[in-house]
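Working notes, beginning with the structure itself.
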Amino acid sequence: MKTLTKEMQASITPQQAFELLKRGNERFINNLKANRNLLQQVNETSDGQHPFAVILSCIDSRTSAELIFDQGLGDIFSIRIAGNILNDDIIGSMEFACKLAGAKIIVVLGHTKCGAIKGACDHAKLGSLTTLLDKIKPAIDCENTIKENRNSSNSEFVEKVADLNVRLTVNAIKERSPILSNMIQNGEVSLVGGMYDVGSGLVTFYDETIEANVKMEAEESLIK
Ligand SMILES: [Zn+2]
């Protein structure tokens with residue numbers, strides 16, 4: 001697997017970037033890690049980086065984006081924060097990744113059995129964590145199918161809130177960033193939500209949330 005050059009990054013479409021991530025996760029769950037020389041990649045990226053994706057995921061130790069999508073150095077801008085929540089600094093990081101550094105896809109990746117989601121479901125309070133968990137509350141408010149046991153003891157409730165948290169975050173990125181919203185409308189960047197299953201390693205993308213005015217079919221001859 002080659003380190004991305006500026007030319008390679010420029011030639012990847014938003015749809016192809018999505019396919020690259022899907023294939024990477026397929027390799028991961030099948031234990032077919034691509035052959036990479038990380039030390040060589042250190043050398044090859046020493047003068048610059050040209051990642052194709054920016055991924056917002058949780059700090060959970062089981063959800064490292066590079067590992068679960070089988071990517072190497074210089075492939076992914078990885079934004080990690082408990083509960084994969086959004087704030088202005090994270091939006092700014094995404095704007096940098098896409099507008100200035102050329103990334104082609106934004107992924108909001110939640111995961112099952114998320115401690116931050118559970119904490120929000122239980123209205124946990126602890127120092128500055130309280131204000132972080134407040135950002136998950138809109139997802140709890142949106143979840144209106146479960147009437148009883150709306151707390152972390154109810155795994156169905158927890159997973160539904162995690163799902164809504166991803167979907168609301170996808171929408172919020174478009175609403176809160178005119179820069180990213182324009183790039184998406186112009187087909188320069190795609191935006192998609194997904195859920196990582198900590199039990200299987202599988203990422204399920206919310207394909208219906210993908211945003212890109214790109215009709216191009218994914219090509220087979222991507223980056224080998
Ligand atoms: Zn988590």
Out of Asp75, Asp60, Asp47, which single residue is in contact with an Asp or Glu (Cβ under 8 Å, 6 or more places away or on another chain) and either within 16 Å of the ligand (Cβ to nearest atom) or at negative phi (or both)? Asp75
Hits in segment 14-39 - residues which are more than 11 Å from Phe69 (Cα to Cα), without any contact (Cβ under 8 Å) to a residue 24 or more places away in the chain and not hydrophobic (A, V, I, L, M, F, W, C): Asn30, Asn31, Asn37
Picked from segment 59-82 (must be part of a loop (DSSP other than H, G, I, E, B) and over 24 Å from Leu32 (Cα atoms)), the residue least open to solvent (accessible area, probe 1.4 Å) is Ile81
From (1) away from the ligand (no atom under 13 Å from the Cβ); (2) surrounded by 24 or more Cβ atoms within 10 Å (Cβ to Cβ); (3) without any contact (Cβ under 8 Å) to a residue 60 or more places away in the chain, pick out the condition that doesn't hold for Ala116. (1)
Would you confirm whether or not segment 91-111 contains a residue that is open to solvent by less than 20 Å² (accessible area, probe 1.4 Å), in contact with a Gly (Cβ under 8 Å, 6 or more places away or on another chain) and farther than 25 Å from Met8 by Cα? yes
Residue match in segment 83-96 (condition: outside any loop (DSSP other than H, G, I, E, B), touching a residue at least 60 places away in the same chain (Cβ under 8 Å) and over 22 Å from Asp163 (Cα atoms)): yes
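The values are calculated or read from the model by the stated rules, or taken from the named source; none is laboratory data. All values derive from a computational prediction rather than experimental measurement. Here Cβ is always computed from backbone atoms with ideal geometry, including for glycine, and neighbour counts include all displayed protein chains. The accessibility values were calculated without ligands, DNA or RNA, using every heavy atom of the protein model including side chains. Shrake-Rupley method; radii C 1.70, N 1.55, O 1.52, S 1.80 Å.
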